[in-house]
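Everything on this sheet refers to the single structure shown next.
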Amino acid sequence: MSRRKWVWWPVAATMVPVCLLFDGVSAPGGYFLPLTAAFVAWFAVGVVWAAGALRVTKLARSPQAGARALWPLLVVPVVFATSWAVASGDVVGRLVFALHRPALERLATEGPTYPPWSVGLYSFEYLGRWQGCTTMGTRDPATTREAGLMWCPGHSPGDRWDDEGLILTPIEDDWYAYHHGGRSKDPSSTEPWGLDLGRFRRRIET
């Protein structure tokens, strides 16, 4: 394999951690296992990228030739930074919700009594109904003790969830994302969507 072709391998390989990363932040609270796999995959891509960079830099015998040979090396850092920025916000979560909303409403209306509860990219560990609302808890959340989706057709959930330490974030119409706010009930303190490395950890059941 030529040195020039070698540099494109890590570029193609970035699709694996990007897909894992976006899958990992598709639900409120995120998914622990896909995000862990994304971190491992990004580390592997970084190792291959560094090896490719060493090989390609040896091609250059002049500044002009070096620039032509090295420009593909910029792709991996750009993809990494862009995907990380997107995953840190609510873009992926809200887009996934919009795509799955009809199926989510069918699950909330006709959902089976027993698991598995899953819709597309969503995987829920429980489905419950209380005071006119249906809650769908994210399976193995990565950045909070508890998170998920809530559907309250025809009415507002009000503030009765505060006693549970839950923070509701409106999505659209009768749908909300929720997450456990810990000691703080200030919605600005944490968000249900996106990757928050400061809160990333496996949940320990108590």
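Quick notes
Quick grid of which residues meet (1) at pLDDT below 75; (2) open to solvent by less than 70 Å² (accessible area, probe 1.4 Å); (3) closer than 13 Å to A87 by Cβ:
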site: P10; (1), (2), (3): no, yes, no
site: V18; (1), (2), (3): no, yes, yes
site: L21; (1), (2), (3): no, yes, yes
site: G30; (1), (2), (3): no, yes, yes
site: L33; (1), (2), (3): no, no, no
site: A44; (1), (2), (3): no, yes, no
site: K58; (1), (2), (3): yes, no, no
site: Q64; (1), (2), (3): yes, no, no
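- Residues of the stretch 143-177 satisfying the condition of being at pLDDT 90 or above and open to solvent by less than 10 Å² (accessible area, probe 1.4 Å): A147, G148, L149, M150, C152, W175, A177
- Residue check for E125: without any contact (Cβ under 8 Å) to a residue 12 or more places away in the chain and charged (D, E, K, R): no
- Residue list for the stretch 129-149, filter: under 23 Å from L33 (Cβ atoms) and not in a loop (DSSP other than H, G, I, E, B): T135, M136, G137, T138, P141, A147, G148, L149
- First in the stretch 170-189 and under 15 Å from G29 (Cβ atoms) and among the acidic types (D, E), second anywhere and modelled with pLDDT of 90 or more and part of a loop (DSSP other than H, G, I, E, B), Cβ under 8 Å, 6 or more apart: none
- Residues within the stretch 91-142 that are open to solvent by 70 Å² or more (accessible area, probe 1.4 Å) and more than 22 Å from the chain's Cα centre (by Cα), tallied: 9
The values are calculated or read from the model by the stated rules, or taken from the named source; none is laboratory data. Predicted model only: the values in this text are computed from it and were never measured. All Cβ positions, even for glycine, are placed from backbone atoms using ideal geometry, and neighbour counts span all protein chains on display. For the accessible areas, the whole protein counts, side chains as well, though only heavy atoms, and no ligand, DNA or RNA atoms are used. Shrake-Rupley method; radii C 1.70, N 1.55, O 1.52, S 1.80 Å.
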